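Structure first, then comments.
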Amino acid sequence: MISLKSPREIDAMEKAGAALAAMHLGLRKIIKPGISSWKIEEFARKYFKAAGAKAEQIGFEGYKYATCVSVNDEICHGFPRKKLILKKGDLVKVDTVVSVDGAFSDSCWSYAVGEVSPEIQKLMDVTKKSLFMGIDQCIPGNRIGDIGAVIQHYTEDENGYGDVREFVGHGIQPTMHEDPMVPHYGEHGQGTRLRNGMTITVEPMINTGTWEADTSDPSGWLAKTADGGWSCQYEHTLVITNDGPKILTSQDPEADADYMYDDNYAKYLDHYRKIAEKVAKQFE
């Protein structure tokens, strides 16, 4: 069932979104050559505790970690690992879900470890642009297929990448995963019609090669590209309004000014950013 959110519920999700976005701001100070991917998990846990946020991925269908940390050809759901040492040129995706006072937020971001190759930088740029192209389709009256269609055309037809099919975006609140499913591929005019008050995630996963995933890992979680190509992902939680899509997990309210729901978000983010910076100093 799809629930339409009230202004009070959206404000609560803004707070949760700011708490999650601040984690990503803190990671910018931590992710560098020579650290293990486990350090990302350690930082996230300490930050969430300090911020009063709950790591909702822990315990979800048996998952044991606060974050998913996927590197290079890993598409998603990678475990944070003590023996996985990041090196210059790696591409790291960090995905997590948190709640604050019962309000949920979900966001993934991609990070270059040091300087990446021009090819990988292009992959990151195209994936991030496709995220916002999809978000721009999130207006009342459009359909779910409109989101995926623009992402697929831009990433596959215009840039020759593979647009992952096996994993998709979704509705969010009052739980982590709600209807509707939000593929980042599809056809215009198809699928559920978007309405004012719907809260969803848009999260394109784009590969340098085939769109197909290898899900045979013994963990039952980790997905890799089927051909060994590298994969990139960006994800925002947003609310659909009559004034256009409003991002609830922005890391830069000034740059995303056209996507802000109200002035509360910037205040929340500033509060959580200070907490993240304080925790990050323990890892520098």
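The values are calculated or read from the model by the stated rules, or taken from the named source; none is laboratory data. Keep in mind it's a predicted model, so treat the numbers as computed, not measured. Methodologically, a virtual Cβ is constructed for each residue, glycine included, from the backbone with ideal geometry; neighbour enumeration extends over all protein chains shown. Remember, those area values only see protein heavy atoms, side chains included, never the ligands or the DNA or RNA. Shrake-Rupley method; radii C 1.70, N 1.55, O 1.52, S 1.80 Å.
Conditions (1) surrounded by fewer than 20 Cβ atoms within 10 Å (Cβ to Cβ); (2) outside any helix (DSSP H, G or I); (3) basic (K, R); (4) at positive phi, marked per residue:
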{"site": "K32", "(1), (2), (3), (4)": "yes, yes, yes, no"}
{"site": "I40", "(1), (2), (3), (4)": "no, no, no, no"}
{"site": "A44", "(1), (2), (3), (4)": "no, no, no, no"}
{"site": "I75", "(1), (2), (3), (4)": "no, yes, no, no"}
{"site": "K87", "(1), (2), (3), (4)": "yes, yes, yes, no"}
{"site": "K93", "(1), (2), (3), (4)": "no, yes, yes, no"}
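Residues in region 148-167 include at least one that is in contact with a helix residue (DSSP H, G or I) (Cβ under 8 Å, 6 or more places away or on another chain) and either surrounded by fewer than 15 Cβ atoms within 10 Å (Cβ to Cβ) or in a strand (DSSP E or B) (or both). One residue stands out in region 160-175 among those that are in contact (Cβ under 8 Å) with a residue 60 or more places away in the chain and of a type in the set (G, A, S): the one that is nearest to W230 (Cα to Cα), namely G162.
All conditions in (1) closer than 29 Å to G62 by Cα; (2) surrounded by fewer than 18 Cβ atoms within 10 Å (Cβ to Cβ) hold for L222, with the sole exception of (2).
The sole residue among K82, K87 that is touching a Phe, Trp or Tyr at 6+ places or on another chain (Cβ under 7 Å), at pLDDT 95 or above and farther than 29 Å from V239 by Cα is K82.
Residues to consider are E212, E203, E178; find the one that is open to solvent by 40 Å² or more (accessible area, probe 1.4 Å), at negative phi and either of a type in the set (D, E) or in contact (Cβ under 8 Å) with a residue 40 or more places away in the chain (or both). Walk me through how you get there before you give the answer.
Numbers: E203 fails: open to solvent by 40 Å² or more (accessible area, probe 1.4 Å); E178 fails: open to solvent by 40 Å² or more (accessible area, probe 1.4 Å).
Only one candidate passes the filter, namely E212.
Once region 235-261 is narrowed to residues that are under 18 Å from the mean Cα position of the chain (by Cα) and charged (D, E, K, R), the residue that is surrounded by the fewest Cβ atoms within 10 Å (Cβ to Cβ) is D252.
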